[in-house]
Every structure is written in C-alpha cells, then in structure tokens.
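Inspection log for the structure reproduced underneath, given as structure tokens.
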Amino acid sequence: MAGAGTSAPSIPVRVLGGPTALFAYGGLRFLTDPTFDPPRRYEVPGGSLTKTAPPAAAPQDLGRIDAVLLSHDEHPDNLDASGRALLASVPLTLTTPGGAGRLGGGARGLADWEQAELERPGGGTVLVTGVPAVHGPGGREEVEPVTGQVVGFVLTGEGLPTVYVSGDNASLDAVRAIAERCGPVDTAVLFAGAPRIPVRFGGAPLVLDSAQAAEAARILGARRVVPVHYDQWSHFTEGRDDLAAAFTAAGLLDRLDFCDPR
C-alpha cells in the first residue's frame, strides 16, 4: 500500500514494527512507543505476551531523537527493556502523569488537553497536546484499574499539518472528543491490531480493531492514516490485510499508508 494517502501533506514516517515509528515534524524527530527487543516472551499479570519478530532497525541506527511520545510505560509491547534503555539518551519523553513519575529523568506527564511547547531548530515551536485514550472496552473508570492510564498526542505548529498519535486507544468516543477540539487531522498514526487477552474484558479488543480504525479516520477527517501496533506480537489479532479490507469497505483505502520502503 505504499503511496496511498498521497493527497495529504507528507511528513516522513518510518514504521519500525509494533507500536514504534519515527517521524520528522517541524525540524524535530519524534519516536513513538519504543520497542526494540528481539523476539521473546514476557511474563505479565494474568499471563504472558510474546514478541514474534525483530524490529526493522536498532536504536543506534535511528540518529538523533528529540522526543519520545510514549502512550504508557506499563506494558512491554509499548515499552520494552531496550526501549527503556533508549529513554536515557533522549532529552524528553512525553507520557502519562503516572508514567512520568515512574520513569523520572527526562519524562514529563501530560494530562488530557495539557500541552508541552517544544522549540523548533529554525525558530518557532511545536505544540504537543495530550489527548484522551482508553486502553480497553468501556469507560476509563472500568478500564484504567486493569490496563492503566494511557495518553495520545496531537502535534501542531505554525505552517505545519496536524498530526495525531493515538496510543493504545480503543474508544471512538475519545476519538470524537479529539476531532471536535483538534480536527481535521492531516496524518493520523493509529494504533490498531485488535489485541486481545482472554483474561481481560472477555477477550474484547484492548485497542482499535481494523473497522474501528477506519471509522476513527472518518471521524478525524484524516487525509492520511499510518497504522502501527498491528504486527510482531502474538496477541495482535488483526493485521495488514484486515486493515486494508476495512479501509476498502469504508471507502477510505486511498487514505491508508503503510509507509513501506520505496
């Protein structure tokens, strides 16, 4: 699907596998949820998670990273051991308020609609706004005691397209709130994959499934959608083909961009 979504302003995005992507914006380089461990099994409360494939690049091959956008720190499929080690070399990690307290160092927490202003190399600023995310079915009151707090991000700046990074969000209501305040969106980096864990919420998806990702794109008015968080882990139950089928059914295939190497 390389080349889809070319009607949208193009910010360079490199998808590295799982939830991890590197993109340039306003002269700054941002990395989402860093996961760089080799394939392995992780023990987690109530069971285990298995990584099935290596990342597309190693941290030392990425060059300068100005900020990490970390949706949450509590699950290894969003922040693994290698990702944690990387944070020490990055000047700023934006994440949840609780995650910032646990990580320390250069981590800063963003509550809903709280903003961080980052200086651009050539002058001006990039504004990063923390936006709602719900990591599972239902409301936050039901979900957060089980899966923890999660944050998404909206990036804006003078003369720049609006970029949305969803984080591990399963709530279209949250997407509607974001669209109302921040839409339309030029590029949406949507975490998808319909991850399911049988012991959690009856096996319901903990992040958007493919049809919901297409609906999120419609709600946001996104002109380009870069999906992540749909491969390299055994609990992700929907992959690339499912995303393409869902966006085709929704009449939005031209917006879908897997950022394949060209």
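Structure notes:
- Relative to the Cα centre, the charge distribution of region 13-255, modelled as +1 at Lys and Arg Cβ and -1 at Asp and Glu Cβ, gives a dipole magnitude of about 380 debye.
- Prolate/oblate/rounded call for region 145-205, Cα gyration tensor, a/c under 1.5 rounded: prolate
- Counting neighbouring beta carbons within 10 Å and listing from fewest to most, the residues Phe30, Phe236 come out as Phe236, Phe30.
- DSSP bridge orientation in the chain - percent antiparallel, rounded to nearest 5: 65
- Computed over the chain, the per-residue total of -39500 (n - 2.57) for DSSP H runs of n ≥ 4 gives a 222 nm mean residue ellipticity of -6000 deg cm²/dmol, rounded to 500.
- Filtered GluC sites (Glu not before Pro), region 104-163: DSSP coil and at most 11 other beta carbons within 10 Å: Glu158
- Long-range amide H partners of Thr125 with built H, under 5 Å: Arg120, Glu158
- Separation of region 12-44 and region 72-111, taken as the distance between their Cα centroids, equals 13 angstrom.
- Fewest-first ranking of His235, His75, His229, using other Cβ atoms within 10 Å as the exposure measure: His235, His75, His229
- Remark: Cys182, Cys259 ranked as Cys182, Cys259, counting other beta-carbon atoms within 10 Å and listing the fewest first.
None of the figures in this text is laboratory data; all of them are computed from the coordinates on show. These figures come from a predicted structure and were not determined experimentally. Cβ: placed from backbone, ideal geometry, glycine included. Neighbour counts: every protein chain shown.
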